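Structure first, commentary second.
Just so it is clear, none of the values below were taken in a lab; they were calculated from the coordinates. None of the values given here were measured: they were computed from a predicted structure. Methodologically, a virtual Cβ is constructed for each residue, glycine included, from the backbone with ideal geometry; neighbour enumeration extends over all protein chains shown.
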Amino acid sequence: MSERHPELEPDPFDETPMPGERRRKVLRVAVIVALGAMVLPLVLSSVAVAHSSAERTCAVVVAAYDTDAAGGRVSFEFFGPGGPGWLCYEIRDDGGSRLVANLGVMPSGPQPAIPGVRT
């Protein structure tokens, strides 16, 4: 562990100047911007897919839960009942709303009930 590694030492005959602090900062900012530009579309796409899936699933759950409901709405909450995820609210005729289901972080369609199997 304490032995020297000459290949890691700077070359004593290399006369090129070391990059300055300003150049290193500019390079760091460019790398961060490039990484953000690569990751941001993936995040936005995932959120859009999860939102549309939550809306469709909420519509099915609200229709199965109460046929007289005026509709349903979804919202993502970090500290909702059951943990973080998309929450489905039933919209009542009087303008109020009631929590119907926690759909999770990445919601999927409701699973059909299998006769004779309790869940």
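Worth pointing out:
- The candidate values are [x] 40; [y] 63; [z] 31; the one derived from this structure for percent of Cα pairs over 21 Å apart carries the label [y].
- Per-residue ³J(HN,Hα) for region 22-28, Karplus 6.51 cos²θ - 1.76 cosθ + 1.60, θ = phi - 60°, Hz, x for Gly and Pro: 5, 5, 5, 5, 4, 5, 4
- Label sites at S97 and T16, each approximated as a point 7 angstrom past Cα along Cα to Cβ, lie 5.9 nm apart.
- For region 19-104, with +1 on Lys and Arg beta carbons and -1 on Asp and Glu, the positive-most of Y89, S75, A34 along the dipole: A34
- Taken as Cα centroids, region 67-84 and region 10-46 sit 42 Å apart, rounded to the nearest whole angstrom.
- The chymotrypsin sites (Phe, Trp or Tyr not before Pro) of region 1-77 meeting both criteria, a DSSP state outside H, G, I, E and B (loop) and at most 14 other C-beta atoms within 10 angstrom of the site's C-beta, are F13.
- Shown here for region 12-62: GluC sites (Glu not before Pro) in loop regions (DSSP other than H, G, I, E, B) with at most 16 other Cβ atoms within 10 Å, namely E15.
- Trypsin sites (Lys or Arg not before Pro), loop per DSSP, at most 14 other Cβ atoms within 10 Å - longest free stretch of the chain: 5-91
- Computed over the chain with a Gaussian network model linking Cα atoms closer than 10 Å, the most mobile of G85, G95, G36 is G95.
- Sequence-separation-based contact order of the chain, relative, with Cα cut under 8 Å and 6+ spacing, percent: 18
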